[in-house]
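The values are calculated or read from the model by the stated rules, or taken from the named source; none is laboratory data. As the structure is a computational prediction, the values presented were derived from the model and not from experiment. Quick reminder, even Gly has a Cβ in these numbers, built from the backbone with ideal geometry, and neighbours come from all protein chains shown.
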């Protein structure tokens, strides 16, 4: 190999090594540390957990945090509630997002771009402020209650805020664009004449939808659902601002365990189990996205 | 125009109302004179004035901007390198792990990313003494880490859609590989890099959870200050702040859209 | 000097897949050489090894006496015109063409002068400052050509140079390409899947399949004397008869074919033994068709029935069913209208050809 060619290799190595090293240190290594700390015991000290090795150099790992998590009903219920809430929000997003994505994909090109832009626009506006906007709407003296009372439909305010309902609405509102975009991508790629062909062959509109449109949109449906479900599982802001004290979700428990109770090992264990719950959906999502990118290329 | 069924049209109408009515109401109420944010007390711009005198919000906004600019720039550099490596270097040792690490931060729940990075910083501090104080640098590092994943994906997909023979042609004509990157590749992926920078910038400004974990005492980003205020309920100066953000973003996007449309219109 | 480009025992493997399998080739200076084959036959890989984008798994490539096997693309005296043309979209026409000279560090004035010459050569003088997106397909092709020629390479590689153009433009561009090659005397190596293109353009053709050369020769040799079934089928249409060799002569063979129901003679170019199974092949236009048995002595004559016919204006196509059931294609010029006009479906006919029109195919 000539000296020139060697030089050319060097910059390539650098281009791989720098981001590689960065991710290794700031993404992969932290997980190892989380795992390590989840096996420690909490103490009142700085930092508030025991060392992995005692003074004699013996391994001092304890699965106490995990044992506690899996036996204490509160945590098991919280995990289950998180799955249910995230799942419910996903279904809500799908029910509203599918017809919207379908409508956008079928509109004429000029309108389509504007409609898409309006779906993406909220991404650029602060997530926190968008959740905050609902506080003003759902308050006991908020716009919705005021409006309903003005209509005479109710005579005293309905309690929206600090309920699971509010958390559902907040989740669906925040993550709706994540559902619509992949759905739109798969519906837009679909050849409309396929549906016409199915109808031509005698299928009713409903039949044609279930036989043709739905299977072809499946990749988008799966990607969209996972893109909503995964972040919703770990959501902290929405349950905190809109949910009641008893509407605990796992993200909020982790946050409180860490900051309020200062039980770092337990918070780490909560994170590890949450991660284990999400490994399957994350891997499935990545597989779909990789395939999607290949088919686009 | 294909005819849309009534069901689809009402879903669209409801969906867009769902997305935008809350935002519009925030804008309207930001001009509300009443201190009780949900009762209309006449038109006023006093909350904007109060906002400008709120030092904690202004300081936080300044810190957030600094962090956003720093992390977006670092993320664009790192992400572009990673995108190039994934799209153009073929197979190299550790590629599977690399692409896994690139795409994971995007789907990782924020609480996990935040917790793990904080624990890393604490451990590093114990071992090396750095970072002595958590604040600007730790938040910027955290934001760079998840933003670079987005940049890498945007750059990678732009590169995959780009004809590789453009770079081969330049090499065939005597351009050495690094030269070709600057002559051909970077100019052609510049739009993707800009998009990546803007997205990183927004993600950084937007982040509350990760910043809450990795920041130290005395360094609060704008979302952290907003959060500590809205925890207590609706507050009129936050309405004003939200309005400023909504209007700025909408104007920016509208301008970009009009410019983009003019650019793509056939000449 | 026949071995201006000398490829010796070159192979390329991608994992287990053998893309190019132990190929030898010599190309003379100033030749317009085509590598012809279907998709996936290895022709593009071979071209990319000549350009330096792929390093051969084994074997060597010499150009003008220098071993370039491991030379990087930017160090080779070789330039390439890409199938997609690969015009840099962010540079205007002049900048695109000048790119190679700029990387060489040629003085600006010299660059301007030579870009001007190139623009003249490809008739794009008025398009100097156009952006690529304002050019038609044909104009892009010419920019790509000019850009690849400006460094006066020893060899110009062309990857499917005309595939992106529509049919009419393709024919016109073919001749332009030949003129430019003639004018500059640069050795051209063309990769194409289009047999007509290869036939018109090239001084010699290599027909490639599954990573190997099936035959190398002039267009005429390849058409008239295909060595094997693949080449015969790939270029034009051909009728083949399975046969067993009965006699081997100085310059040919005789073989009995059940399908034809006759003993057929053919020119044999390979070593053939009596009793060997071979195929005798005849091109449709080499076969005469008539209602009466032709009197010509020594011709092969076989009786059959018109199964199908088609009128193509300048010629007619017939499909004749022999007694064995074998179908034979015949193409006949329509100047002998008075005879062929009377042929109809199910007419009994005689087909005949000169023994020298038939060739032996081995595999």
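Annotations
- Of the criteria (1) more than 14 Å from chain C (Cβ to nearest Cβ); (2) farther than 17 Å from residue B:66 by Cα; (3) touching a residue at least 24 places away in the same chain (Cβ under 8 Å); (4) surrounded by 20 or more Cβ atoms within 10 Å (Cβ to Cβ), which one residue B:227 fails: (3)
- If only residues of segment C:45-75 that are touching a residue at least 40 places away in the same chain (Cβ under 8 Å) and over 21 Å from residue C:209 (Cα atoms) are counted, the one that is nearest to the other protein chains (Cβ to nearest Cβ) is C:63.
- Only listed residue being touching a residue at least 40 places away in the same chain (Cβ under 8 Å) and buried (at least 20 other Cβ atoms within 10 Å of the Cβ), chosen from B:172, B:207: B:207
- Some residue of segment A:163-181 being more than 26 Å from the chain's Cα centre (by Cα) and under 20 Å from residue A:93 (Cβ atoms): no
- Only one entry of C:296, C:273, C:292, C:259 meets the criterion of being touching a residue at least 60 places away in the same chain (Cβ under 8 Å) and assigned to a loop (DSSP other than H, G, I, E, B), and that entry is C:259.
- Residue, nearest to the other protein chains (Cβ to nearest Cβ), within segment B:175-191, restricted to residues that are within 21 Å of residue C:48 (Cα to Cα) and touching a residue at least 60 places away in the same chain (Cβ under 8 Å): B:181
- Candidates C:250, C:242, C:254: the one that is surrounded by fewer than 22 Cβ atoms within 10 Å (Cβ to Cβ) and part of a loop (DSSP other than H, G, I, E, B) is C:250.
- Taken over segment C:216-235, residues that are closer than 19 Å to residue C:41 by Cβ, over 11 Å from the mean Cα position of the chain (by Cα) and in a loop (DSSP other than H, G, I, E, B) amount to 3.
- Condition check for residue B:11: assigned to a helix (DSSP H, G or I), more than 10 Å from every other protein chain (Cβ to nearest Cβ) and under 30 Å from residue A:178 (Cβ atoms): no
- Tally, over segment C:65-105, of residues that are in a strand (DSSP E or B) and touching a helix residue (DSSP H, G or I) at 6+ places or on another chain (Cβ under 7 Å): 4
- Residues satisfying the stated conditions in segment A:95-122, i.e. surrounded by fewer than 19 Cβ atoms within 10 Å (Cβ to Cβ), more than 7 Å from chain B (Cβ to nearest Cβ) and closer than 30 Å to residue B:230 by Cα: A:120
- Restricting segment B:64-101 to residues that are facing chain A (nearest Cβ under 7 Å) and in contact (Cβ under 8 Å) with a residue 40 or more places away in the chain, the residue that is farthest from residue B:202 (Cα to Cα) is B:84.
- Restricting C:179, C:129 to those that are surrounded by fewer than 12 Cβ atoms within 10 Å (Cβ to Cβ) and not in a helix (DSSP H, G or I) reduces the list to C:129.
- Condition check for residue A:96: more than 22 Å from the chain's Cα centre (by Cα), assigned to a helix (DSSP H, G or I) and farther than 23 Å from residue A:278 by Cα: no
- Residue identified as within 25 Å of the chain's Cα centre (by Cα), modelled with pLDDT under 90 and under 27 Å from residue B:150 (Cβ atoms) among B:100, B:114: B:100
- Number of the condition not met by residue B:220 [criteria: (1) more than 8 Å from chain A (Cβ to nearest Cβ); (2) on the phi > 0 side of the Ramachandran plot]: (2)
- Hey, residue C:42 modelled with pLDDT under 95, more than 14 Å from chain B (Cβ to nearest Cβ) and either buried (at least 21 other Cβ atoms within 10 Å of the Cβ) or out of contact with any helix residue (DSSP H, G or I) (no Cβ under 7 Å at 6 or more places or on another chain) (or both) or not: yes
- Any hit, segment A:35-51, residues being over 22 Å from residue A:265 (Cβ atoms), at pLDDT below 85 and assigned to a loop (DSSP other than H, G, I, E, B): no
- For segment A:212-223, the set of residues classified as surrounded by 13 or more Cβ atoms within 10 Å (Cβ to Cβ) and within 28 Å of the chain's Cα centre (by Cα) consists of A:213, A:216, A:217, A:219, A:220, A:221, A:222, A:223, listed by residue number.
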